[in-house]
Amino acid sequence: MTTSAPVHTPPDAVAFLGHRCVASGPIADVAARLRILETTPTDSPLLVFDARTSAPIDLDLRGSEAEVRARVTPRPATTTADEPPRGPGRPRLGVVSKEITLLPRHWTWLGQQRGGASATLRRLIDAERQRDERPARQRRAREVTYGFMSHMAGDLPGFEEATRALFGDDAIAFHARVRGWPADIASHLRTLAAEAFDEEIKDEG
């Protein structure tokens with residue numbers, strides 16, 4: 001059987017010309033926009049970042065728009081896979097059956113819950129996973145925020161103080177320092193830092 005292999009989804013990107021955000025969104029659209037801007041004389045550096053990781057992206061803007069887009073758009077690979085025939089019955093849902101050992105009172109309580117024992121156990125496990133993963137998500141968000149900040153704001157006043165506030169989990173001090181920076185940089189930092197401080201994204205204009 002011939003099937004299409006999974007295609008890696010290109011990252012969204014954000015591009016800055018100096019302190020000004022000039023493009024954001026799907027990387028192919030950003031590249032096409034920057035291809036036009038590249039013809040405009042300027043002394044400001046053009047920097048492009050992965051919007052989710054803050055990793056710098058090096059774009060090749062030579063050629064036509066179609067050529068520029070093609071370079072950043074992955075193509076699906078065609079592979080041959082022999083998939084065993086699927087028999088009658090329920091479709092595969094990724095459910096794995098394994099034995100667990102509980103006391104009678106545990107089984108009694110589980111049986112009284114909405115959806116029965118299996119559904120209740122899944123809900124409890126998912127809740128615990130979210131609780132355990134929250135610190136890890138916040139740590140990653142701080143690292144992503146610092147990655148962008150170090151590239152774009154390292155020479156701005158209050159950078160060291162903002163860095164200490166970011167890693168010290170002091171949202172008030174962080175936002176106070178960032179507020180005086182160029183508007184587009186400050187806006188993107190608020191978006192990146194929202195998860196680090198476990199807060200909703202606010203548009204301060």
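Observations
- A search for C-beta distances below 6 Å between a residue of the range 143-163 that is among the acidic types (Asp, Glu) and any residue that is open to solvent by 50 Å² or more (accessible area, probe 1.4 Å), counting only pairs 6+ apart in sequence or on different chains, returns Glu161/Arg177.
- Ala127 meets each of the listed conditions (1) modelled with pLDDT under 95; (2) open to solvent by less than 70 Å² (accessible area, probe 1.4 Å); (3) within 18 Å of the chain's Cα centre (by Cα) apart from (3).
- Looking only at residues in the range 80-124 that are surrounded by 11 or more Cβ atoms within 10 Å (Cβ to Cβ) and outside any helix (DSSP H, G or I), the one that is modelled with the highest pLDDT is Gln113.
- On the stretch given as the range 130-162, residues that are open to solvent by 80 Å² or more (accessible area, probe 1.4 Å) and among the acidic types (Asp, Glu) total 4.
- In the range 179-192, the residues that are in contact (Cβ under 8 Å) with a residue 12 or more places away in the chain form Cβ pairs under 6 Å with partners that are part of a loop (DSSP other than H, G, I, E, B) and surrounded by fewer than 20 Cβ atoms within 10 Å (Cβ to Cβ), at six or more places apart or across chains, as follows: Trp181/Leu156; Pro182/His19; Ile185/His19.
- Residue within the range 183-193 that is open to solvent by 90 Å² or more (accessible area, probe 1.4 Å) and out of contact with any Leu (no Cβ under 7 Å at 6 or more places or on another chain) present: no
- Among residues of the range 163-174 being of a type outside the set (A, V, I, L, M, F, W, C) and outside any loop (DSSP other than H, G, I, E, B), the one that is surrounded by the fewest Cβ atoms within 10 Å (Cβ to Cβ) is Arg164.
- Of the residues in the range 26-40, at least one is closer than 22 Å to Ile185 by Cα, open to solvent by 50 Å² or more (accessible area, probe 1.4 Å), in a loop (DSSP other than H, G, I, E, B) and modelled with pLDDT under 95.
The values are calculated or read from the model by the stated rules, or taken from the named source; none is laboratory data. Fair warning: this is a prediction, and the values are worked out from it, not measured in the lab. All Cβ positions, even for glycine, are placed from backbone atoms using ideal geometry, and neighbour counts span all protein chains on display. For the accessible areas, the whole protein counts, side chains as well, though only heavy atoms, and no ligand, DNA or RNA atoms are used. Shrake-Rupley method; radii C 1.70, N 1.55, O 1.52, S 1.80 Å.
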